[in-house]
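The values are calculated or read from the model by the stated rules, or taken from the named source; none is laboratory data. What you see is a predicted model; the values in this text were computed from it and never measured. Here the Cβ is made from the backbone with ideal geometry for all residues, glycine too, and neighbour counts use every protein chain on show.
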Amino acid sequence: MRNLFLILTFLFSLSVGAFRAEEVKASAAQNEEIIFSQAPDKWIDQNLGPYLDEVTGKVFYGLEIARDAEGNAVKVPLVVVWLALAAVVITVYFKFLNLRSWRLAARTISGKYSSESDPGEITHFQALCAALSGTVGLGNIAGVAIAISVGGPGATFWMILIGLFGMTSKFCECTLGVKYRTIQDGKVYGGPMQYLKKGFAEKGMGMFGLILAGVFAFLCIGGSFGGGNMVQANQACEQLVGVVGKGSFLDENRWAFGLIMAIAVGLVIIGGIKSIASVTATLVPFMCGIYMLAGLFVIF
């Protein structure tokens, strides 16, 4: 596991995608010099882009719902429709649990129903902060900005609406995760991989659940490398370079920023869920506070 961690740390250090490729010489037999002028991220886009576009087209297959003024088809991805319908159905089924149980949620997070003697590795508040740590930034800043730039201001209404229904979806995910989790040697293993496999097995569809669990785990790996670290590390570096200026030491050695990020994150991750929860419980409240203050500053 430690060797795997070191390998992943090295890959993460490359995620900034801002290396200045060096000139290398070909063999003496060829007597030619090959210059790699592309950064790794551009090389990936050029060589893997066509395949990724094909997969994206299948995953986000769109349903035509209307045509714009120029006669172009307006499509909605089928997966978005599916997720939205599921969220609406379970929200109605649970009698709008997302709206009527907010007081219970607040009391639970505050620790009213917990005690230090209860089993478990982290508190309710730490679990909330761990979940929010992956949302503040890429989800509610970059995601909203992209939605508005593509769909206009009206996109915010639909994001808020789907977000409200999505709260019930999250409730179901967390409940299933707790129900089907496995505890071995004091360590907790859970998530969609577990409840997809075990839940479908209870319905006599064990192989189908195993396939879904495997697909989800595989896609999570891609999502973690892409949206989970590459995009965020790259944008963090870009913002810092914008502050210190072009031509600075950081601008010329962006790999150093990626390496520092990899080491810092690795020190947290290697400590397990307790370490992650402890760090996020400290940082996330400040992150949320700064985000809200910055938003109010922009508005007013």
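Please determine whether any residue of segment 167-182 is within 25 Å of Gly289 (Cα to Cα) and either out of contact with any helix residue (DSSP H, G or I) (no Cβ under 9 Å at 6 or more places or on another chain) or of a type in the set (A, V, I, L, M) (or both). Yes, because at least one residue in segment 167-182 is within 25 Å of Gly289 (Cα to Cα) and either out of contact with any helix residue (DSSP H, G or I) (no Cβ under 9 Å at 6 or more places or on another chain) or of a type in the set (A, V, I, L, M) (or both). Scanning segment 96-117 for residues that are exposed (fewer than 11 other Cβ atoms within 10 Å of the Cβ), closer than 23 Å to Ile162 by Cβ and not hydrophobic (A, V, I, L, M, F, W, C) returns a single hit, Arg100.
Quick check on Gly199: is it assigned to a helix (DSSP H, G or I) and under 29 Å from Lys95 (Cα atoms)?
Numbers: assigned to a helix (DSSP H, G or I): yes; under 29 Å from Lys95 (Cα atoms): yes.
Criteria met by Gly199.
A single member of Gly199, Gly204, Gly209, Gly177 is of a type outside the set (Val, Ile, Thr), without any contact (Cβ under 8 Å) to a residue 40 or more places away in the chain and on the phi > 0 side of the Ramachandran plot, and it is Gly204. Looking at this structure, is Ala131 modelled with pLDDT of 75 or more and exposed (fewer than 13 other Cβ atoms within 10 Å of the Cβ)? For Ala131, the condition - modelled with pLDDT of 75 or more and exposed (fewer than 13 other Cβ atoms within 10 Å of the Cβ) - is not met.
Pairing residues of segment 251-275 that are touching a residue at least 12 places away in the same chain (Cβ under 8 Å) and within 19 Å of Ala130 (Cβ to Cβ) with residues that are among the small types (Gly, Ala, Ser) and part of a helix (DSSP H, G or I), at Cβ distances under 6 Å and at least 6 apart in sequence or on separate chains, gives Met261/Ala233. Considering segment 236-290, the residues that are among the hydroxyl-bearing types (Ser, Thr, Tyr) and surrounded by 15 or more Cβ atoms within 10 Å (Cβ to Cβ) include one that is nearest to the chain's Cα centre (by Cα), namely Thr280. Restricting Ser169, Ser115 to residues that are assigned to a loop (DSSP other than H, G, I, E, B) and of a type outside the set (Lys, Arg) narrows the list to Ser115.
Would you mention how many residues in segment 186-196 are within 18 Å of Cys172 (Cα to Cα) and not in a strand (DSSP E or B)? Lay out the reasoning, then the answer.
Taking segment 186-196 as the starting set, the residues that turn out to be within 18 Å of Cys172 (Cα to Cα) are 189-196.
When the remaining residues are screened for being not in a strand (DSSP E or B), the result is 190-196.
Total meeting the criteria: 7.
Can you tell me which residue among Ile160, Ile146 is within 21 Å of Val80 (Cα to Cα) and surrounded by 11 or more Cβ atoms within 10 Å (Cβ to Cβ)?
Numbers: Ile160 fails: surrounded by 11 or more Cβ atoms within 10 Å (Cβ to Cβ).
None of the other options fit; the residue is Ile146.
Out of contact with any Cys (no Cβ under 8 Å at 6 or more places or on another chain), part of a strand (DSSP E or B) and at pLDDT below 75 - does that describe any residue in segment 66-86? Checked segment 66-86: no residue is out of contact with any Cys (no Cβ under 8 Å at 6 or more places or on another chain), part of a strand (DSSP E or B) and at pLDDT below 75.
The residues of segment 229-250 that are part of a helix (DSSP H, G or I) and small (Gly, Ala, Ser), listed by number, are Ala233, Ala236, Gly242.
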